[in-house]
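Structure first, commentary second.
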Amino acid sequence: MATPKAVLEFEPASESPQPLPNGLTGTEHPMPPVRPASPSVPMARSRRDVHSANFQARVPVVIGEASFRGLMPVDGIISGNLGASGSSLTLKQRPRNGPVESEPELNGEISFKDMLRVNGHIAGKVLSQKGTLIVDPSALVDGDIEVGVVVISGTVNGDVIGHERVELGPAAVINGNISTRTLTMKPGAVFQGDCRMLKHESCDT
C-alpha cells in the first residue's frame, strides 16, 4: 500500500506493475481508471505547493539591524541561530485575516545603530545615539523615542527626542513632547505636546 502512494507523489502512474493491483477491482479495462488518476497527481502537488506558496509573510514590523529585548507574539515561522555573539533570527509572520489588532507586535526595548524602519505596531522604547528612525504611515509607536534623526509619517504616542532633527510628514500624528535641535513639520501633521529646542551636542534645554 505504501508503493502506490510513492508513485502518485513523484510519477503520474507510468509504471506497468502499478495498474495490476488496481486491475483487481476491474479486470477488463485497467487503463481507463489509471488515466484519470494521472491528472490528480499534479493536483496533489499543487495543493502542497499552494499551501507553501500561500504562506506569505506580511510586512516586517521593523526593518534594519537592531537588538530587541521584550515580548514578541509569534504566529508564523522562526528560523536562525541563538548564541552569545553573532546570533540572528528570521521571523515570518502569517498574514492576518481580519481587522488589524490593537495589540503591539513588539513590546519592549529596541536599540539600533544606523537605520531602522518601523512598519507595524510596537510599544516600549526605541533608542539610538546617532541612528535614523523612520516611522511609516501605517506604523504605530506606543512609547518613547530617543534617536539621532526621526522621520515620522505615522502615529507616535510618546515623547520624541531627536538629537539632530525631527521631521514630521503630512500624515504624522504625535501625542507627546518633542525635543530636538531642528524640527521640520509639513502641512497636515498633527502635534499635541510641548516642543523643546536642544543645544549643540546636548540633550539639555
message: Considering only residues that are open to solvent by less than 20 Å² (accessible area, probe 1.4 Å), touching a strand residue (DSSP E or B) at 6+ places or on another chain (Cβ under 7 Å) and of a type in the set (Gly, Ala, Ser), which ones fall in region 106-122?
response: Gly108
query: Somewhere in region 151-159, is a residue crowded, with 17+ Cβ neighbours inside 10 Å, touching a Ser or Thr at 6+ places or on another chain (Cβ under 6 Å), touching a residue at least 12 places away in the same chain (Cβ under 8 Å) and of a type in the set (A, V, I, L, M)?
result: no
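Residues that are more than 21 Å from Leu71 (Cβ to Cβ): find the strands (runs of 3 or more DSSP E) completely inside region 115-205 holding 3 or more of those.
140-152, 160-168, 173-175, 178-180, 183-185, 190-192, 195-197
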query: Just a yes or no: is a residue in region 189-200 open to solvent by 60 Å² or more (accessible area, probe 1.4 Å), of a type in the set (Asp, Glu) and within 23 Å of the chain's Cα centre (by Cα)?
result: no
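Only residues that are more than 21 Å from Thr155 (Cβ to Cβ) and at pLDDT below 70: list them for region 95-118, please.
Residues satisfying the conditions are Pro95, Asn97.
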query: Which residues, counting only those in region 124-149, are among the hydrophobic types (A, V, I, L, M, F, W, C) and open to solvent by 20 Å² or more (accessible area, probe 1.4 Å)?
result: Leu127, Ile134, Leu140
- prompt: How about region 50-79: which of its residues are small (Gly, Ala, Ser), under 25 Å from Lys113 (Cα atoms) and either at pLDDT 80 or above or over 15 Å from the mean Cα position of the chain (by Cα) (or both)?
  reply: Gly64, Ala66, Ser67, Gly70
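The values are calculated or read from the model by the stated rules, or taken from the named source; none is laboratory data. It should be emphasised that the depicted structure is a prediction, and the values quoted were computed from it without experimental measurement. Methodologically, a virtual Cβ is constructed for each residue, glycine included, from the backbone with ideal geometry; neighbour enumeration extends over all protein chains shown. Please note that ligands, DNA and RNA were not included when accessible areas were found on the heavy atoms of the full protein model with its side chains. Shrake-Rupley method; radii C 1.70, N 1.55, O 1.52, S 1.80 Å.
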